[in-house]
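Here's the structure we're looking at; comments come further down.
No lab work stands behind these numbers, since they all come straight from the coordinates. Everything numeric in this text was worked out from a predicted model, so none of it was measured. Positions of Cβ are backbone-derived with ideal geometry, glycine not excepted, and every protein chain shown enters the neighbour counts.
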Amino acid sequence: MDYEIVIGLEVHTELKTHSKIFCGCSTKFGSEQNTNVCPVCLGLPGVLPVINEKVVEFAIRVGVALNCKILPFSKFDRKNYYYPDLPKNFQTSQYDLPIAINGYLDIEVNGVAKRIGVTRVHMEEDAGKLVHSGATITSSDYALVDYNRTGVPLLEIVSEPDMSSPEEAKAYLEKIKAILEYLDVSDCKMEEGSLRCDANISLRPRGTKPLGTKAEIKNLNSFRSVQRGLEYEAARQEEVLEEGGRIIQETRTWDEGKGISLSMRNKEQLNDYRFLPEPDLVPIIVDPARVEAIRASLPELPDARKQRLMKEYGLSEYDAALITASKAMADYLDQGVQCHADAKTVANWLMGEVSKHLNNEGISIGACPVSPKQLAELIALIDKGTISNKIAKSVFEDMWTSRKDAEVIVKEKGLVQISDSSEIIGIVDAVIAANPQSVADFNAGKEKAIGFLVGQTMKQSKGRANPDMVNSLLRERMIIK
Amino acid sequence: MELFKHTAHQLHKRLVNKEISAVELTEAVLIRCEAVEEDVQAYITKTRDNAFVQAQAVDAKIAQGQAISVLAGIPGALKDNLCTKGVRTTCASQILAEFIPPYNATVVEKLITADAVFVGKTNMDEFAMGGSTENSGFFNTHNPWDLARVPGGSSGGSAAAVAAGQAIWALGSDTGGSIRQPAAYCGLVGMKPTYGRVSRYGLVAYASSLDQIGPITRDVTDCAHVLNIICGHDAKDSTSINTLVPDYTKSLVNQVKGLKIGLPREYFVAGMDPEVERAINKAIEQLVALGAEYKEISMPHTEYALSAYYMLAPAEASSNLARYDGVSFGRRVEGTDIIDMYKKTRSAYLGAEVKRRIMLGTYALSAGYHDEYYLKALKVRTLVKQDFDKAFENVDVIITPTAPTTAFKIGENANDPLAMYLQDVCTIPVNLAGVPAISIPCGFAGGMPIGLQIIAKPLGEETLIRAAYTFEQNNDYHKGFPTLGEVK
């Protein structure tokens, strides 16, 4: 049977506020264990939470950017469950009145646009971290708890089950990440856990309406995991259904190393969270004027920026989408343009040499050793004819490692392009003299032969001869002969 | 008269006039403690050494001619659910028997700033769950008026300490009557302020939406003085009210002319001691004679308040007390795994009543029961609050008994939780509505004190103080002192 995949995502993102959601402790990642703690986030007897207003502001920002309705009256609730990384044994979260509801997000996969519903956005506190004494939970004699992360503010963004392929799920997650980055509310580092994703997935016969029984997949810790984990699960469910089996509602954990998912618990073992309005916090009242003020102050978001890059810079839709998927990448482009470089050229460098080097070293554009200004200067040297494109690539290589400006490198290494025609004529004549067969071929109408001669000339000039001049001078001199 | 029998405002005058020193006063109270504590058992922890340090500091200030607060140098007691930095805070629970908070409750900070002297931390029903202090995880406290009887609860230790002269004043907490009922049973003044008037930061939570800290004192004047110190907005408590705190001593006015009193017939329940009823009626007649007006009113949802309370308070408690799991503080019993550790720890160190309420609350919040119990109780709470709103459209204060009877015998209700819960029937609606109420002595029945409850609208503490002060000034009930420890 032909099945349709139905996917909904729950995305958790840590907000990059300086302090935690309900106390003044630092949210700094990677601090010494149990140093960013106080009686409040440790849940000691008698303490009370106080909402960090910045968290509310960030949540509204995200809600507005995701086209949500911001509720004028929302509240916190307690989600009760026992776990040793949760000092109070309840998580302060939002249940029936979240800060934002009913939004959407537009994605594009293989050129096909799709609108994905955003059910809700809510604020909550993060839990601590368990450090097991052994390699695995079962082989550990004991576990220690690090409460540094306890109380770090989280937003949970819940989508509608509107995605119908793992690719769409990945595209949705990438779009969420881009928006959060543009809003400057989260670091969105999946490897550090500041962006996390759980997925609900089910199958139904194509063309039918009712949803099939779903499985929840946890531990999807990278974009790759999201796609692979969902591909695996869709295939697993299809196999079960094809064999006449029944999908059981369960939570499964994805093992990226083994490329499989394993059952964690089934529906009967699901927690009853006994939600309770948080009596220690007052309701969050949001004035519509505040929402409008935040809406007006939102930065340019990925879609708008993509349109601008296409319109102002003449980039193709593909290139614009690729570059705006990362705010830092798009910022780099804009900064390069501000330094008077041609936008398309900067974009080509970004998608070519820059990305290649970043990928090789596994770093992000934010850590790029060549600044937008430096790249713009390099491009200016090409435009002025000081160096050729080919030389520019080696100069870029040098800039990457030495951190020096392009001009300095070009001077130090004597890479200035030869644009003096008398100097080039000398080399061209020598090459013509040394390669009579190629000259004969060219004169016999074999246009291709000139390529070889250009190559020889460039080689003789150690790449410094102006390629355009070489080309035209060769033609000139060969005709004369 | 012995120093320990005085009120704080009387002692303050004598301190300022240098008739006595704070150290002498502290010594007198501590000697009194030694004499009667074995009988009363009001304290879980005594902070004798620190009390002298605090008293000496006050004496130094007086010697330098510095102005001091009314509570400066006056020994008082703190209920053991108020966090005290460096001093163990047990909530009368075995699970916190060794818990030493690293911080002070906001009220404790305020009292320290006011140079109050702390005698110690008082016994209570475990986690404030109970009305007799028999649910303490340590020992029973005895009523100084009759050692065979309970002091009430849950702030029983605080009330007993003040009644026995082991403290001049005390703080308690009140979730369903836990300040007013023990104050009534021990012949004292106890006030539960408006919800949010006093910061709850550092008060170990029982039912957060109902808990409120308040004073237990020997007279209304002391009550006003303590309120002046402990009330006010606190950035650490989001539910604390952000309005200016009046000077409550300005309401110590002997005048009730034109005060409109409402007497809700629903509060005179079956099982009420006729002598209690008589005392209340007599008090009303007296207030009317002093110029107050009186009318009977109806608060139709009163009968559901108790049931709603015993859904809502346990529901919140089941969540609030989940943190006592043996993981990072408090006592632990080791187990084969984490779940086993939770079970063994909580089984061993939480008392029967606490377990009963945790189960009750967990049940009320469970899927399938949540709407029928918890949500319904929330609706009842709204109706009870509306009863008060409507009543206060026509009256300034509502007067009821504080409790249906005087203090009962230790063990009398121990095996009958429902009979025990009924003792709170007059006080619980006040917590559900979040309004302020005061209990003052209004007579004796069989030698045991009777309490009169006066209730006002939100932030109506000044009205309460004026009404209570007027009644007090026209009577002598508050001047009685138990014969405890005296040679007969």
*For peptide B:323-331, how many partner chain Cβ atoms fall within 10 Å of a residue's Cβ, on average?*
5
*Roughly how big is region A:108-200's charge dipole about its Cα centre, with Cβ charges of +1 (Lys, Arg) and -1 (Asp, Glu), in debye to the nearest 20?*
140
*Considering every residue in B:368-377, what mean count of other chain Cβ atoms within 10 Å of its Cβ is obtained?*
1
*Report relative contact order for region A:421-480 in percent, whole number only (criteria: Cα-Cα under 8 Å, sequence separation at least 6).*
42
*Distance from region B:333-367 to region B:445-474 (C-alpha centre basis), Å*: 40
*Summing +1 for each Lys or Arg and -1 for each Asp or Glu, what net charge is found among the other residues whose Cβ lies under 11 Å from the Cβ of A:Asp126?*
-1
_Calculated FRET value between A:Val408 and A:Lys189, using beta carbons and R₀ = 45 Å, to 0.05_ = 0.85
*Is it possible to state the helix-based mean residue ellipticity at 222 nm for chain A, with each DSSP H run of 4+ residues giving -39500 (n - 2.57), the sum divided by total residues, to the nearest 500 deg cm²/dmol? What is it?*
-12000 deg cm²/dmol
*asked:* Can you give me the distance in nm between label points at A:Thr213 and A:Val131, each placed 7 Å from the Cα along the Cα-to-Cβ direction?
replied: 4.1
*Might you report the magnitude of the Cβ-based charge dipole of region A:3-290 about its Cα centre, with Lys and Arg at +1 and Asp and Glu at -1, to the nearest 20 debye?*
340
_Additional length obtainable on full extension of the chain from B:Glu2 to B:Arg331, 0.36 nm per residue less Cα span_ = 114.3 nm
*Report the convex hull volume per residue for chain A, counting only C-alpha atoms, in Å³.*
220
*Contour minus end-to-end for A:Gln249 and A:Lys311, with contour as 0.36 nm per residue of separation and end-to-end as the Cα-Cα distance?*
17.5 nm
*Inter-label distance, nm, simple model (7 Å from Cα along the C-beta direction), B:Thr113/A:Lys390*: 7.9
*May I ask you to work out the translational diffusion coefficient for region A:300-387 at 4 °C, viscosity 1.567 mPa s, via Stokes-Einstein with Rh from the Kirkwood sum over Cα pairs, reported in whole µm²/s?*
100
*Using every Cα-Cα pair within region A:169-220, state what percent have a distance larger than 18 Å.*
47
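To the nearest 20 debye, what charge dipole does region B:168-279 have about its Cα centre, counting +1 at the Cβ of each Lys and Arg and -1 at the Cβ of each Asp and Glu? Kindly include the intermediate steps, with their values, before the conclusion.
Working: 11 positive and 11 negative charges, 58 e Å.
Here region B:168-279 has a charge dipole of around 280 debye.
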*Any chance you could run the full-extension gain for A:Asp420 through A:Ala440? It's 0.36 nm times the residue separation minus the Cα-Cα distance, nm to one decimal.*
4.5 nm
*Return the subset of A:Lys16/A:Lys129; B:Lys376/B:Lys409; A:Lys356/A:Lys384; B:Lys236/B:Lys457 for which the Cα-Cα distance in this structure is over 27 Å, preserving the input order.*
B:Lys376/B:Lys409
*Principal axis lengths of region A:421-480 from Cα atoms, whole Å, largest first?*
29, 19, 19
_Dipole of chain A, positive direction: furthest Cα of A:Gly455, A:Leu241, A:His357, with charges on the beta-carbon_ = A:Gly455
*Helical segments meeting 24 Å axial Cα length and Kyte-Doolittle 0.5 threshold in chain B (DSSP H)*: B:22-40
*Quick one: grab Rg to one decimal and Dmax as a whole number for chain B, Cα atoms only, in Å.*
21.2, 70
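Tell me the net charge near A:Gly455. Cut-off is 12 Å between Cβ atoms, A:Gly455 excluded, with +1 for each Lys or Arg and -1 for each Asp or Glu. Mind showing how you got there, number by number?
Working: positive: A:Lys390, A:Lys448, A:Lys459; negative: none.
Spelling it out: positives minus negatives among the neighbours equals +3.
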_Neighbourhood net charge (14 Å Cβ-Cβ; Lys/Arg +1, Asp/Glu -1) for B:Phe99_ = +2
*asked:* Using the Cα centre of the protein assembly as shown as origin and beta-carbon charges of +1 (Lys, Arg) and -1 (Asp, Glu), tell me which of B:Gly480, A:Ser316, A:Ala343 is placed farthest towards the positive end of the dipole.
replied: A:Ala343
*Pairs of Cα atoms farther than 20 Å apart, region A:51-168, %*: 55
*Taking Rh as the Kirkwood radius, which is the inverse of the mean 1/r over Cα pairs, what is the Rg/Rh value for the protein assembly as shown?*
1.16
*Hey, with R₀ at 35 Å, roughly what FRET efficiency would A:Cys339 and A:Lys459 work out to, going by the Cβ-Cβ distance, to 0.05?*
0.60
*Let me know the Rg and Dmax you get for region B:296-440 when you use only its Cα atoms, in Å.*
18.6, 63
*Considering the Cα trace of region A:330-481, what is its radius of gyration and what is Dmax, both in angstroms?*
18.3, 55
